[in-house]
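Below you'll find the structure, written out as structure tokens, and then a few comments.
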């Protein structure tokens, strides 16, 4: 790329394929969701997924000017936070409203802080990004008990959330 680093083209192609798949999956989730608030929450998840995969595909596959590359790179680096917050938004609807609101407010506040830091300090050390990604990946552990005992969630949702957190951590380590 313009910064002298090789672009991971396979990542770009995987994300190019994932973009329309996330659109299709998002539409299905929205259609299956009960009630307008949950439909909107699913739309947030779909939007975050589309932004992550679409931008990543464009960034990794395109031949861009240095300025465009820097913008796409900044967006690429913050998208993981958007996806984590976007994931917790509809999933939190399995909990009581006070817990849901606490999770949504907490995760989106942390996401906003992470976005600001990443945009301002794009050249931060790679290890710092990795630590922040891992902290975000395990942030939901504090709420796992509530998902586990929730009649609307249960152990299956906890396993899926833990698997997602493990994937985020693995991605951060590979990054």
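The values are calculated or read from the model by the stated rules, or taken from the named source; none is laboratory data. The shown structure was predicted, so the numbers you read here are calculated from the model rather than taken from an experiment. So basically every Cβ, Gly included, is an ideal-geometry build from the backbone, and we count neighbours across all protein chains shown.
Some observations on this one:
- Qualifying residue in the range 34-42 (condition: without any contact (Cβ under 8 Å) to a residue 12 or more places away in the chain and touching a helix residue (DSSP H, G or I) at 6+ places or on another chain (Cβ under 6 Å)): yes
- Of the residues examined, residue 44 is not one that is under 23 Å from residue 135 (Cα atoms), under 16 Å from the mean Cα position of the chain (by Cα), at pLDDT below 95 and surrounded by 15 or more Cβ atoms within 10 Å (Cβ to Cβ).
Residue-wise test of (1) at pLDDT below 90; (2) closer than 24 Å to residue 136 by Cα; (3) surrounded by fewer than 21 Cβ atoms within 10 Å (Cβ to Cβ); (4) within 13 Å of the chain's Cα centre (by Cα).
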{"residue": "14", "(1), (2), (3), (4)": "no, yes, yes, no"}
{"residue": "71", "(1), (2), (3), (4)": "yes, yes, yes, no"}
{"residue": "80", "(1), (2), (3), (4)": "yes, yes, no, yes"}
{"residue": "87", "(1), (2), (3), (4)": "no, yes, no, yes"}
{"residue": "97", "(1), (2), (3), (4)": "no, yes, yes, no"}
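- The set of residues in the range 1-12 that are outside any loop (DSSP other than H, G, I, E, B) and either without any contact (Cβ under 8 Å) to a residue 12 or more places away in the chain or within 18 Å of the chain's Cα centre (by Cα) (or both) comprises 10, 11, 12.
- One residue from 170, 160 being modelled with pLDDT of 85 or more and within 24 Å of residue 56 (Cβ to Cβ): 160
- Failed condition for residue 29, given (1) assigned to a loop (DSSP other than H, G, I, E, B); (2) in contact (Cβ under 8 Å) with a residue 60 or more places away in the chain; (3) more than 20 Å from residue 75 (Cα to Cα): (1)
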